[in-house]
Amino acid sequence: MVMREISTVRHAWDDIAVNFDRYVTPTANWDLAKTALRLAGLKPGMEFLDVASGSGALSLPAARLGAKVLAVDISPVMIERLKARAAEEGLSNLKGCAMDGHQLELPDNAFDMAGSQFGVMLFPDFMRGLQEMIRITRPGGKVFLVTFGPVEKVEFLGLFVQAIKAVVPDFNGISSDAPPLPFQVSGEGVLQQKMEAAGLHKVQVMPVVHKLSFNTGTEMWNWVTSSNPIALQMISGLNDDQKNQVVQSLDAHIRNRSNEEGSAVLQVAVNVGIGEKIK
């Protein structure tokens, strides 16, 4: 990316970093990270790079497993939050550095494994980000990506769009013909094809059902609107009254879906793609 684009992206993530760390990081994303790390075969003592780390949804579980972790993210504020979480847990094996994943300031063949959870899938140049992950991984090492599956199987987004349409009937929602960045590799076979095209071998893409739990419409609103800057674009045209109405609509959806504990458990289709660097 050119410098102006990098600055714009950095500021967008900096702006939501505090709420991202508050609402998104300490959720079931940690359980998903543990699943991905297990599938990839991360072991204690391995050197692991987390690209587009946010405030640690993948890095923290990796460090808890005993790996030597470097987390990089374009947002300095995200890295500050990650470092604070690492310090709170006494994880001296987790370091953080602000860095653009499109052009990692790291040497070739420096890590045993590289991963990204809901990170590189958002890159404007997905292949460049993936190729950088491969470059810094040692031959024989694994590279993995955790990405969304088909948009129609991401329940929280479907309910969020329904709630907005209840207030703004002409809201366009998410196009499956020209999917936004979070879904650029969600189509059938797309993630596998791109990982193989980037030069990875023995690529496997495993579908995983990720579950998110919400108790109120406000909780769901905070989670979605803090998850990435693109989500904020969905509500950019709403006034305060309309936003309140959307939250009320979300409350109704959650009540209709609630279990005995009063929570609505929403399923999210996720793909975990893993490949090996040969040389």
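The values are calculated or read from the model by the stated rules, or taken from the named source; none is laboratory data. Note that the coordinates shown come from a computational prediction; the quantities given were computed from them, not determined experimentally. In this analysis, Cβ positions are derived from the backbone assuming ideal geometry, glycine residues included, and neighbour counts consider all displayed protein chains.
Considering 140, 237, 187, the condition of being more than 16 Å from the chain's Cα centre (by Cα), surrounded by fewer than 19 Cβ atoms within 10 Å (Cβ to Cβ) and at positive phi is satisfied by 140 alone. Here segment 70-100 is the region considered, the condition is being of a type in the set (D, E, K, R), touching a residue at least 40 places away in the same chain (Cβ under 8 Å) and over 23 Å from residue 5 (Cβ atoms), and the residue that is surrounded by the most Cβ atoms within 10 Å (Cβ to Cβ) is 81.
For (1) modelled with pLDDT under 95; (2) outside any loop (DSSP other than H, G, I, E, B); (3) surrounded by 15 or more Cβ atoms within 10 Å (Cβ to Cβ); (4) in contact with a Pro (Cβ under 9 Å, 6 or more places away or on another chain), each residue gets a yes or a no:
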position: 192; (1), (2), (3), (4): no, yes, yes, no
position: 203; (1), (2), (3), (4): no, yes, yes, no
position: 206; (1), (2), (3), (4): no, yes, no, no
position: 233; (1), (2), (3), (4): yes, yes, no, yes
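Taking (1) hydroxyl-bearing (Ser, Thr, Tyr); (2) within 18 Å of the chain's Cα centre (by Cα); (3) surrounded by fewer than 17 Cβ atoms within 10 Å (Cβ to Cβ) in turn, residue 218 satisfies each apart from (2). Only residues that are more than 22 Å from residue 45 (Cβ to Cβ) and surrounded by fewer than 17 Cβ atoms within 10 Å (Cβ to Cβ) were counted in segment 101-127, giving 5.
Just give me the residues in segment 110-157 being of a type in the set (Val, Ile, Thr), in contact with a helix residue (DSSP H, G or I) (Cβ under 6 Å, 6 or more places away or on another chain) and part of a strand (DSSP E or B), in sequence order. Before you say what the answer is, go through the steps one by one.
Start the filter on segment 110-157 by keeping residues that are of a type in the set (Val, Ile, Thr), which leaves 120, 134, 136-137, 143, 146-147, 151, 154.
If we keep only those that are in contact with a helix residue (DSSP H, G or I) (Cβ under 6 Å, 6 or more places away or on another chain) too, we end up with 120, 143, 146-147, 151.
143, 146, 147, listed by residue number.
Taking first residues from segment 111-140 that are within 16 Å of residue 191 (Cβ to Cβ) and partners that are among the acidic types (Asp, Glu) and at pLDDT 95 or above, the Cβ contacts under 9 Å between residues at least 6 apart in sequence or on separate chains come to 114/50; 114/132; 115/50; 116/50; 117/50; 119/50; 119/73; 120/132.
Looking at 65, 130 in this structure, which one is of a type outside the set (Asp, Glu) and touching a Pro at 6+ places or on another chain (Cβ under 9 Å)?
Working: 130 fails: touching a Pro at 6+ places or on another chain (Cβ under 9 Å).
None of the others qualify; the one that does is 65.
Looking at (1) over 25 Å from residue 214 (Cα atoms); (2) of a type in the set (Asp, Glu); (3) in contact with a Lys or Arg (Cβ under 6 Å, 6 or more places away or on another chain), find the lone condition where residue 73 falls short. The one condition residue 73 does not meet is (3).
Among the residues of segment 28-37, is there at least one that is assigned to a loop (DSSP other than H, G, I, E, B), of a type in the set (A, V, I, L, M), surrounded by fewer than 16 Cβ atoms within 10 Å (Cβ to Cβ) and at negative phi? Reasoning before the result, please.
If we filter segment 28-37 for residues that are assigned to a loop (DSSP other than H, G, I, E, B), which is where we start, we get 28.
Next cut, of a type in the set (A, V, I, L, M) only: 28.
Restricting the remaining residues to those that are surrounded by fewer than 16 Cβ atoms within 10 Å (Cβ to Cβ) gives 28.
After this cut, where a residue has to be at negative phi as well, the list is 28.
There is at least one residue in segment 28-37 that is assigned to a loop (DSSP other than H, G, I, E, B), of a type in the set (A, V, I, L, M), surrounded by fewer than 16 Cβ atoms within 10 Å (Cβ to Cβ) and at negative phi.
Residue 186 satisfies every condition listed in (1) closer than 19 Å to residue 272 by Cβ; (2) among the small types (Gly, Ala, Ser); (3) not in a loop (DSSP other than H, G, I, E, B) except (3).
Condition check for residue 165 on (1) farther than 29 Å from residue 263 by Cβ; (2) out of contact with any Ser or Thr (no Cβ under 7 Å at 6 or more places or on another chain): one failure, at (1).
Listed conditions (1) within 18 Å of the chain's Cα centre (by Cα); (2) modelled with pLDDT of 95 or more; (3) small (Gly, Ala, Ser) are all met by residue 158, apart from (2).
The rows are residues; the columns are (1) crowded, with 18+ Cβ neighbours inside 10 Å; (2) at pLDDT 95 or above; (3) in contact with a strand residue (DSSP E or B) (Cβ under 6 Å, 6 or more places away or on another chain); (4) of a type outside the set (Asp, Glu).
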position	(1), (2), (3), (4)
226	yes, no, no, yes
243	no, yes, no, yes
255	no, no, no, yes
262	no, no, no, yes
274	yes, yes, yes, yes
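When residue 242 is tested against the conditions (1) touching a residue at least 40 places away in the same chain (Cβ under 8 Å); (2) under 21 Å from residue 119 (Cβ atoms); (3) not in a strand (DSSP E or B), the lone failure is (2).
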